[in-house]
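Sending over a structure as structure tokens; questions will come in a sec.
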Amino acid sequence: MNETKPSRTFYLLTSYYGLLQSFHLLLLARAGWYLIQNRTMPFPAPPPPGGWPGSALPYMLGMGLVDLLAISLGLVYVYCFTIRKEVNLTVGLISLTAALSSGIVYLVGTIPSGAWGANPLAYLAVLLLFSPVLPLYYLIIQQIGN
């Protein structure tokens, strides 16, 4: 718990993170539903020119599970922060660490496939949408260190 009042920037970044992860959860739910119904995995981001190879399914499922963990913890963190007015920096740090780790694995897995070259605007949009997570991560680490 942090005893000092969070800054407006911290509040806005945390609220944005909650909205982002809520939307992310909807995309994961859609992908899961589609997988159950059609026995194929739709990756929310556009595929490379030749499509996603069948060997990408375990990668996508693993990413989805890590994302689900990060989203769940993130929503708990944001709920406690915005509704209950409790700042649990440990939960926030774990959630953001999982989300950033998942994002790095996402980059490593999709850049070599050619998906970024074929769909640069879609991937740039994802990168821009998640970029406010970095300053929030920094602020949480900074507050834990104080």
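Since every read-out is calculated from the coordinates, none of them should be taken as a lab result. From a predicted model like this one, the values you see are computed outputs, not experimental measurements. With ideal geometry, Cβ positions are generated from the backbone for all residues, glycine too; neighbour counts draw on all protein chains shown.
Specify the residue with the greatest mean-square fluctuation among 50, 64, 117, computed from a Gaussian network of the chain linking alpha-carbon atoms under 10 Å apart.
Maximum fluctuation in the GNM of the chain, among the listed residues, is at 50.
Oh, and also: Could you pull out every residue, at least 5 positions away or on a different chain, whose amide H is within less than 5 Å of the one on residue 86? Hs are placed 1.01 Å off N in the peptide plane, and Pro or chain starts have none.
Those qualifying (amide H under 5 Å, at least 5 residues apart or on another chain) are 81.
Counting only residues 5 or more places away or on other chains, whose amide H sits under 5 Å from the amide H of residue 52 once H atoms are built in the peptide plane?
none
Relative contact order, percent, of the chain when contacts are C-alpha pairs under 8 Å separated by at least 6 residues? Kindly include the intermediate steps, with their values, before the conclusion.
On the way: 119 pairs, mean separation 47.8, N = 146.
The value is 33 percent.
List, in order, the whole-Hz ³J(HN,Hα) value for each residue of the range 84-93 obtained from phi through the Karplus relation with A = 6.51, B = -1.76, C = 1.60 and θ = phi - 60°; use x for Gly and Pro.
8, 6, 10, 9, 9, 5, 5, 5, x, 5
While we're looking at this one, here's another question. Taking the Cβ of each residue in 79, 123, 16 as the centre, tally the other Cβ atoms inside 10 Å and list the residues starting with the fewest.
Details: 79 12, 123 19, 16 15.
Arranged by neighbour count, lowest to highest, 79, 123, 16 become 79, 16, 123.
Take the chain, connect every pair of alpha-carbon atoms lying under 10 Å apart with a spring to form a Gaussian network, then pick out the residue of 125, 99, 29 with the largest mean-square fluctuation.
Residue with maximal mean-square fluctuation among 125, 99, 29: 125.
Another question, then. Provide the FRET efficiency to the nearest 0.05 for the residue 5-residue 97 pair, computing r from the beta carbons and using R0 = 22 Å.
0.35
Let me ask something else about it. Set the Förster radius R0 to 35 Å, insert the Cβ-Cβ distance between residue 86 and residue 108 as r into 1/(1 + (r/R0)^6), and round the FRET efficiency to 0.05. Present the calculation step by step, with values, prior to reporting the outcome.
Details: r = 35 Å, r/R0 = 1.00.
The computed FRET efficiency comes out at 0.50.
Step through the residues of the range 133-139 one at a time and calculate ³J(HN,Hα) from phi using the Karplus curve (6.51 cos²θ - 1.76 cosθ + 1.60, θ = phi - 60°), rounding each to whole Hz and writing x for Gly and Pro.
5, 4, x, 5, 4, 4, 4
Using helices alone, I'd like the mean residue ellipticity at 222 nm for the chain: each DSSP H run of four-plus residues gives -39500 (n - 2.57), total over residue count, nearest 500. Please report the intermediate quantities before stating the final value.
On the way: 6 runs with 108 residues, N = 146.
Result for the chain, helices only: -25000 deg cm²/dmol.
Residue by residue, what Karplus-based ³J(HN,Hα) values in Hz, rounded to whole numbers, does the range 66-79 have, using 6.51, -1.76 and 1.60 with θ = phi - 60° and x for Gly and Pro?
Computed from phi, the couplings for the range 66-79 are 5, 4, 4, 4, 4, 5, 4, 5, x, 5, 4, 4, 5, 4 Hz.
According to a simple spin-label model (label point 7 Å from Cα along Cα-to-Cβ), what is the distance in nm between residue 36 and residue 55?
3.1 nm
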